[in-house]
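Please read the structure below before turning to the comments.
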Amino acid sequence: MTLTELRYIVAVARERHFGRAAEACFVSQPTLSVAIKKLEEELEVKLFERGGSEVSVTPLGEEIVRQAQATLENAASIKEIARRGKDPLAGPLRLGVIYTIGPYLLPDLVRKAIERVPQMPLMLQENFTVRLLEMLRTGELDCAILAEPFPDTGLAIAPLYDEPFVVAMPEKHPLATRESISSTELKQETMLLLGTGHCFRDHVLEVCPEFARFASDAEGIRKSFEGSSLETIKHMVASGMGITVVPRLSMPRSGHSDSPPLVRYVPFTEPVPTRRVVLAWRRTFTRYEAIAALRNAIYACELAGAKRLTD
């Protein structure tokens, strides 16, 4: 039994497909298949059910894959311990970020990280919360920047900042001249939402629950439209299709010409809806100094309008 064979079975369990698993491991499919067959013969158990277009893991295989993942993490920890003896911050840090945070935090964060810890380059992955949690669990990521709430997966969590929401509306909208606005005043508006899978979509529906019935109903197209990203939705707002709710950091900074024109951002009245942004990592991850350095780099970012949480 080798670490390479364990890596192969973890990849197949994750991808549910031998071809994709081979690609992920940078080997040919025959090489991967032969290695897994050899391991099954050595263990005298069947790890995978092969049939149809998707591979399934046997019940006993599930237990073995979990142990294999733990073994791979322990092996990686040995390398990390050796590396930390030379330089605790040496080597890349694999960081995941959800779609509604990445475009607005990463430009500043990457600059701060280069200034502070140039020996620790950030390997970045943008994705949905559920996918980032899975990548954390399987060891594909070291840590991730997420917005609460999300399923309790036993991860270590450090709060980063609380970010208020604001309303984005066309510049000539009747409410655009207001200094602030309440969520109840949005009930009669056409709301633009992110598509299913974005956690921020759920945050908006918490602020404006009356739009939940439109979000999953074909008739709701009269009251609710969907966009693939916050920037796409902002362009829809600028064109007069409706209004939306966005996180404060997504507001364009003064002097930036690349943002959609004709959009006015209006704060909410008290109590202002917010989201808590946190850093999550596996409790078995041993590069504590790297996590601390990343947190400090985030705190050094501008974070306009957000409240830093340094406790």
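The values are calculated or read from the model by the stated rules, or taken from the named source; none is laboratory data. Here the structure is a predicted model, which means the values were calculated and not measured. Cβ coordinates were reconstructed from backbone atoms using ideal geometry, including for glycine residues, and neighbour counts include every protein chain displayed. Surface accessibility is based on the protein's heavy atoms, side chains included, excluding ligands, DNA and RNA. Shrake-Rupley method; radii C 1.70, N 1.55, O 1.52, S 1.80 Å.
Things to note:
- Amide proton proximity set for LEU193, modelled H, under 5 Å, gap of 5+: PHE225, GLU226, GLY227
- For the chain, the solvent-accessible area of protein heavy atoms averages 50 Å² per residue (probe radius 1.4 Å; ligands and nucleic acids excluded).
- Dimensionless Rg/Rh of the chain - Kirkwood Rh, Rg from C-alpha atoms: 1.05
- Heavy-atom accessible area, probed at 1.4 angstrom with all protein chains present, ranks MET191, MET241 as MET241, MET191, highest first.
- Helix axis angle, 102-116 relative to the chain longest principal axis, alpha carbon, degrees: 60
- Mean sequence separation of contacting Cα pairs (under 8 Å, at least six apart), scaled by the length of the chain, corresponds to a relative contact order of 23 percent.
- Note on the chain: Lys pairs 8 or more places apart or on different chains, Cα atoms under 18 Å apart, count 5.
- Counted charge near ARG7, where neighbours are those whose Cβ lies closer than 12 Å (Asp, Glu -1; Lys, Arg +1): -2
- Residues considered: LEU124, LEU230, LEU47. Largest GNM mean-square fluctuation over the chain, using C-alpha springs under 10 Å, is found at LEU47.
- Heavy-atom accessible area for ASP87, with the other protein chains in place and a 1.4 Å probe, reaches approximately 50 Å².
- The accessible-area ordering, largest first, of the residues LYS234, LYS79 stands as LYS79, LYS234, per a 1.4 angstrom probe.
- Charge tally around PHE18: other residues with Cβ under 15 Å, Lys/Arg +1 each, Asp/Glu -1 each, net +2.
- Solvent exposure of ARG94, expressed as accessible area, is near 80 Å², computed with a probe of 1.4 Å over the protein chains only.
- Neighbourhood charge, 13 Å Cβ-Cβ cut-off, centred on GLU49 and excluding it, Lys, Arg +1 and Asp, Glu -1: 0
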